[in-house]
Amino acid sequence: MEERKKEKYRLVRYRRELERYLNRIVSFAMGGEFERCDYDKLVEKADRKLAEVEKVKLHNDYFESLENFVHKCRELKKSDMDKDEISAQIVHEANRIRKLRRKKSYSRKKRRSEADEDFG
């Protein structure tokens, strides 16, 4: 039983750090003054914080998308895109990920409203 608690703790910690990574990068991209060198430093800092947490296998589309976002940010850091293109890519990807997070609640609302109409 103790091992399951430790595994759950590692999983929760890794998931939280992935979400923090997303929030740090998006906040920076939407913050206005976007400089390429500052972006590179931010990605390095966020990578260091993520490296402090043990990586755990995820079985959820949302969290797998967060891992893909981390890889995309690293690729954007290496790319030769200008700052506006990088910012647009980050915001687009973040919106897609956040939509994926809310997808389940949307489908529930849709089913609930259809059921309510049947009774009305």
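The values are calculated or read from the model by the stated rules, or taken from the named source; none is laboratory data. Quick caveat, the model's predicted, so the values are computed rather than measured. Please note: Cβ atoms are built from the backbone with ideal geometry, for glycine as well, and neighbour counts cover all protein chains shown. Protein only, heavy atoms only, side chains kept; ligands, DNA and RNA dropped before computing areas. Shrake-Rupley method; radii C 1.70, N 1.55, O 1.52, S 1.80 Å.
Observations on the model:
- Count of residues meeting criterion [touching a residue at least 12 places away in the same chain (Cβ under 8 Å) and either open to solvent by 70 Å² or more (accessible area, probe 1.4 Å) or hydroxyl-bearing (Ser, Thr, Tyr) (or both)] in the range 61-85: 7
- Single residue of 19, 35, 52 found to be open to solvent by 60 Å² or more (accessible area, probe 1.4 Å), modelled with pLDDT of 90 or more and acidic (Asp, Glu): 52
- Test: residue in the range 96-110 that is in a helix (DSSP H, G or I), at pLDDT 90 or above, surrounded by 15 or more Cβ atoms within 10 Å (Cβ to Cβ) and touching a helix residue (DSSP H, G or I) at 6+ places or on another chain (Cβ under 6 Å): yes
- Check on residue 4, over 12 Å from residue 73 (Cβ atoms) and open to solvent by 50 Å² or more (accessible area, probe 1.4 Å): yes
- Of 60, 68, all but one fail to be within 24 Å of residue 99 (Cβ to Cβ) and at pLDDT 90 or above; the exception is 68.
- Pairs with Cβ under 7 Å, 6+ apart, first in the range 29-51 and charged (D, E, K, R), second in a helix (DSSP H, G or I): 35/83; 36/83; 40/77; 49/17
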